[in-house]
Amino acid sequence: MSTDTVSAQDRDFLRPLRYFWRIPLLLLHIVLGVFLCAGILSWNRHVVMKDGREPFAHRMIRWWSRALLRIFGLRSVRLGQPLRDPVLFVANHTSWIDIELLHSQRAACFVAKAEIASWPLVGWLAASGGTIFHRRGSNHSLATVMQVMVDRLRGGRSVAVFPEGGTGHNGVLRVFHARIFQAALDAEVPVQPVALRFARDGRRVVDAGFREHENFMQNFLRLLGEAPLDAEVHFLEPVPATPDARRRMAELSRERIAAALEDRSA
């Protein structure tokens, strides 16, 4: 962490006050999420969009996610239009909150690391929202996940993935893995890149996500006390399907996301 960043945080005298009112709201919101999952999502996890109309369960996911972001001081802003379900959304990845950010605009089945499934409460909430769990480094797990993705897409659900295979730091966009794009080809659905961008006064804030060597709880607590930010969700032009060149699909998705992340206010 740089000296400038540390000194800037030291001058943030409102941080303790934000914790004072945000923590009780967060606890209440989590309790509400438990009731939402138990009463609605657990019975409607397989509902799909019909004729472009969003199911009630999906609207509840979006509402809960937008409210969670607001508790953290994040205002969800959509730019562009998401395609109708089913579609494979591919997005950049900087933090755990990226899932809630995309969920605030479109309920989709995310692919997430298997460890989350064992987290108390969080794992159950994620599973209720349709998360597909993947054990990193396991080819068998990846093959299973790919098949589940295809089944979900063919069944009318949208799936969202982070092709970088992990979180980036300091605004660096890593290489996109091409294999994950095969699911869209097999299911014959479009691929839409999505740029997730944090900004204040129009300028990009690159350290809203994980900082280097920062764990989940450290990031969680830091974001909970941060000053308000805009959390932008850029739905970009779909990527043409090219069965003979998954790598090109990955590169083009990455190029479009990188362009959307650029700070144009300078």
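The values are calculated or read from the model by the stated rules, or taken from the named source; none is laboratory data. Keep in mind that this is a model prediction, so the values were computed, not measured. Note: ideal-geometry Cβ built from the backbone for every residue, glycine included; neighbour counts use all protein chains shown.
Miscellaneous remarks
- Taken over the range 4-30, residues that are at pLDDT below 90 and in a helix (DSSP H, G or I) amount to 7.
- Test: residue in the range 50-61 that is surrounded by 14 or more Cβ atoms within 10 Å (Cβ to Cβ) and among the basic types (Lys, Arg): no
- Counted as qualifying within the range 63-121 are the strands (runs of 3 or more DSSP E) with 1 or more residues that are basic (Lys, Arg) and modelled with pLDDT of 90 or more, namely 74-79.
- Taking the criterion of being surrounded by fewer than 18 Cβ atoms within 10 Å (Cβ to Cβ) and β-branched (Val, Ile, Thr), the residues of the range 170-200 that qualify are VAL172, VAL175.
- Those residues of the range 153-165 which are touching a Pro at 6+ places or on another chain (Cβ under 9 Å) and either surrounded by 22 or more Cβ atoms within 10 Å (Cβ to Cβ) or modelled with pLDDT under 90 (or both), in sequence order: LEU153, ARG157, SER158, VAL159
- Subset of the range 73-88 [surrounded by fewer than 21 Cβ atoms within 10 Å (Cβ to Cβ) and either in contact with a Leu (Cβ under 7 Å, 6 or more places away or on another chain) or small (Gly, Ala, Ser) (or both)]: GLY73, GLY80
Quick grid of which residues meet (1) of a type in the set (Lys, Arg); (2) out of contact with any Gly (no Cβ under 9 Å at 6 or more places or on another chain); (3) within 20 Å of THR167 (Cβ to Cβ):
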| site | (1), (2), (3) |
| --- | --- |
| PHE210 | no, no, yes |
| ASN215 | no, yes, yes |
| PHE220 | no, yes, yes |
| LEU223 | no, no, yes |
| PRO228 | no, no, no |
| HIS234 | no, no, yes |
